[in-house]
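Heads up, the thing below is written out as structure tokens.
Computed from the coordinates by the stated procedures, all read-outs in this text should not be read as laboratory data. Because the structure is a prediction, the values reported are computed rather than measured. Methodologically, a virtual Cβ is constructed for each residue, glycine included, from the backbone with ideal geometry; neighbour enumeration extends over all protein chains shown.
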Amino acid sequence: MDKIFIIANWKSNMSLLEAQNWLEEFSNFSSEVRNFPDKKVIICPSFVFLSQIRNILTEKKIPVSLGSQDVSTFDKGAYTGEVNAMQIKEFCEYSLIGHSERRTNFEETEDRLSKKIEMARKYGLKTILCVRGTDDLKDNKSEIIAYEPVFAIGTGNPDTPENANLIAGQIKDQKKAEYVIYGGSINSGNVKNFTSAPNIDGVLVGGASLDPQEFFLIVKNA
Ligand code: PGA
């Protein structure tokens, strides 16, 4: 059976203490998470916490991988304020690219997204490209594509599993990604409706991932 990806996008939330508490609580579920070898659990915290979170995951043997929420379009060099793929790769296996909040608030054009994917690839990061619909697909390919309709993000109003499955199928038909996941108002009660759809390989979870118990239930129920 292929993997089911369960990816937490913490966005610009959490203090260091809150992140440490989250990990402490989630570590209570480590042995149960290990019993789901077909589920790949990834958390995407803010850049500033990656190093410490990496250490905690290793020390406490928590079966969770790390992803960044973004990556620079530039390689290392004179780009003040940027965090580049070479640096991210020291801590992460994955990188989110093109989340709709970044497309809307940070002028992420297709050209920039292509450069980000190129940079991530150069340093061996696996990419999770977020698209709001099939119009966002353009020329970009990615290991994983997350279909996230804007109306469903943070609203408590998810897409229907049927429509999400249809879009995921269209993305796969266009051979833009090996895996397609769904994101937008996922919780422990609705996750299975999505992960049981034939074209959907997992979920990207925002708000509900901030609570470690709820996130564990999402992993369990997926
Ligand atoms: P949500 O966010 O789960 O809070 O709807 C999903 C996302 O933005 O990735």
Find how many whole Å separate the alpha carbon centroid of region 152-218 from the alpha carbon centroid of region 4-19. 17 Å
For the chain, place one equal point scatterer on every Cα, skip the solvent, and apply the Debye formula. What is log10 of I(q)/I(0) at q = 0.09, 0.17 Å⁻¹? -0.32, -1.24
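Using only alpha carbon pairs under 8 Å that are at least six residues apart, calculate the relative contact order of the chain and give it in whole percent.
Details: 442 pairs, mean separation 45.6, N = 222.
Value for the chain: 21 percent.
Please give the length that would be gained between Glu25 and Gln174 if that part of the chain were fully extended, namely 0.36 nm times their separation in residues minus their C-alpha to C-alpha distance (nm, one decimal).
Details: separation 149, 0.36 × 149 = 53.64 nm, distance 4.06 nm.
Value of the extension gain: 49.6 nm.
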Can you give me the distance in nm between label points at Gln52 and Asn190, each placed 7 Å from the Cα along the Cα-to-Cβ direction? 3.3 nm
Charge dipole (debye, nearest 20) of region 87-222; +1 at Cβ of Lys and Arg, -1 at Cβ of Asp and Glu: 320 debye
Student exercise: in region 101-198, how many lysine pairs 8 or more apart or on different chains have Cα atoms under 13 Å apart? 9
Enumerate the lysines that Lys61 could reach by cross-link, defined here as Cα to Cα under 18 Å, with residues fewer than 8 away along the same chain left out. Lys39, Lys40
Kindly list the residues of region 59-77 that lie in the label zone of Asn13, defined by a backbone N under 16 Å from the point 7 Å along the Cα-to-C-beta vector. 69
For Ser68, list long-range residues whose amide hydrogen, built 1.01 Å from N in the peptide plane, is under 5 Å from its own amide hydrogen. Tyr94, Ser95, Leu96
Region 87-182 pair-distance distribution - Cα-Cα, 10 Å bins, rounded %: 16, 48, 31, 5
Quickly work out the Lys76-to-Glu32 label distance, labels modelled 7 Å from Cα along the C-beta direction, and quote it in nm with one decimal. 4.2 nm
